[in-house]
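Quick notes on the structure that follows.
The values are calculated or read from the model by the stated rules, or taken from the named source; none is laboratory data. It should be emphasised that the depicted structure is a prediction, and the values quoted were computed from it without experimental measurement. Quick reminder, even Gly has a Cβ in these numbers, built from the backbone with ideal geometry, and neighbours come from all protein chains shown. Keep in mind that these areas ignore ligands, DNA and RNA; they rest on the heavy atoms of the full protein, side chains included. Shrake-Rupley method; radii C 1.70, N 1.55, O 1.52, S 1.80 Å.
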Amino acid sequence: MERENEFRDVITGEEELRDLLGYPSEVVARKAIGSLDDHCRDYIAKSPFLLVSTSDSEGRCDVSPRGDAPGFVLVLDGQRLVIPERPGNRRADSLRNIISNPQIGLIFLIPGLEETLRVNGRAYVTRDEELLQRMQAMGKSPQLGIGVVVEECYMHCAKAFKRSQLWKPESWLGRERLPVPARILAAHTGRDEQSIAQGLVESYTQRLY
């Protein structure tokens, strides 16, 4: 049985969307390039954090963060880069998605800079030892890497960061008002909050690499 639409007044076609939003400016329409030029390489070399967007063969989506010291993403040439797969929770959502659907989207961030770099392309899960050794951290090579063949890259404007004031410490919540991750995980898993908190501490202090 087909599910009833869960939202009202839904836009279902691009023509209707364009009637509402209009079209991008010439600069926006022309800003995407098909390879990593010197500007993109410099941005990636200074970025300690990115978001990885993937989906499986049925279109179920996932966005996952990756982070390390600036320059941890290895740029091989104008068309290829490699993201080291550091130890995580072993769900391997991104990796499993890539195996079934190679399309990938990346957003690179640099703290304090409100414009981001977006990269789209095709991804592969690699265990090439030569590449993995080039991405060592704390004397350890990653077990795997996400290799990306770049199809499109461009700068994304700063409006989201300006609206959110993400990089302005004076806008941040006080520590006492922040959500408590261990409490959330305990509620979601039915486990004890204290044991969850201890497990997080151990993971963050002993299993980063």
How much of the calculated P(r) for the chain lies past 25 Å, in percent of all Cα pairs? 53 percent
Computed magnitude of the charge dipole of region 34-155 (debye, nearest 20; Cβ of K, R +1, Cβ of D, E -1): 460 debye
How large is the charge dipole for the chain, taken about the Cα centre, if only the Cβ atoms of Lys, Arg (+1) and Asp, Glu (-1) carry charge, to the nearest 20 debye? 780 debye
Using a 1.4 Å probe on the protein heavy atoms only, what accessible surface does Lys31 show? Give it in Å² to the nearest 10. 70 Å²
Counting only protein heavy atoms and using a 1.4 Å probe, what share of the accessible area of region 1-132 belongs to carbon plus sulfur, as a whole percent? 50 percent
For Cys157, Cys61, the accessible-area ranking with a 1.4 Å probe, largest leading, is Cys61, Cys157
Considering only protein heavy atoms and a probe of 1.4 Å, how much of the accessible area of region 148-209 is carbon and sulfur, as a whole percent? 56 percent
Which of Gln103, Gln165, Gln133 fluctuates most in a GNM of the chain (C-alpha springs under 10 Å)? That residue is Gln165
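Between rounded, prolate and oblate, where does region 23-125 land on the alpha carbon gyration tensor, with a ≥ b ≥ c its root eigenvalues, rounded for a/c under 1.5, else prolate if a/b exceeds b/c?
Here region 23-125 falls in the oblate category.
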Quick numbers on region 21-65, Rg and Dmax over C-alpha atoms in Å, give 15.0, 36
Max mean-square fluctuation residue, GNM over the chain, Cα-Cα springs under 10 Å, options Arg80, Arg175, Arg66: Arg175
1.4 Å probe accessible area per residue over region 52-148, in Å²: 54 Å²
Mind telling me which of Thr116, Thr54, Thr189 comes out most flexible in a GNM of the chain, alpha-carbon contacts under 10 Å? Thr189
Projected onto the charge dipole of region 69-209 (unit charges on the beta-carbon of Lys, Arg, Asp and Glu, signs +1, +1, -1, -1), the Cα from Ser203, Leu76, Pro179 with the largest positive-side position is that of Pro179
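Take the alpha carbon gyration tensor of region 90-209, find the square roots of its eigenvalues, order them as a ≥ b ≥ c, and report rounded if a/c is under 1.5; if not, report prolate when a/b exceeds b/c, else oblate. Before the final figure, lay out each step's value.
Details: a/c = 1.90, a/b = 1.16, b/c = 1.64.
In terms of gyration-tensor shape, oblate.
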Cα centre as origin, Lys/Arg/Asp/Glu Cβ charges: region 87-172 dipole, Debye: 300 debye
In region 1-87, if the dipole is taken from +1 on Lys/Arg beta carbons and -1 on Asp/Glu beta carbons about the Cα centre, which of Tyr23, Ser47, Thr12 is farthest to the positive end? Ser47
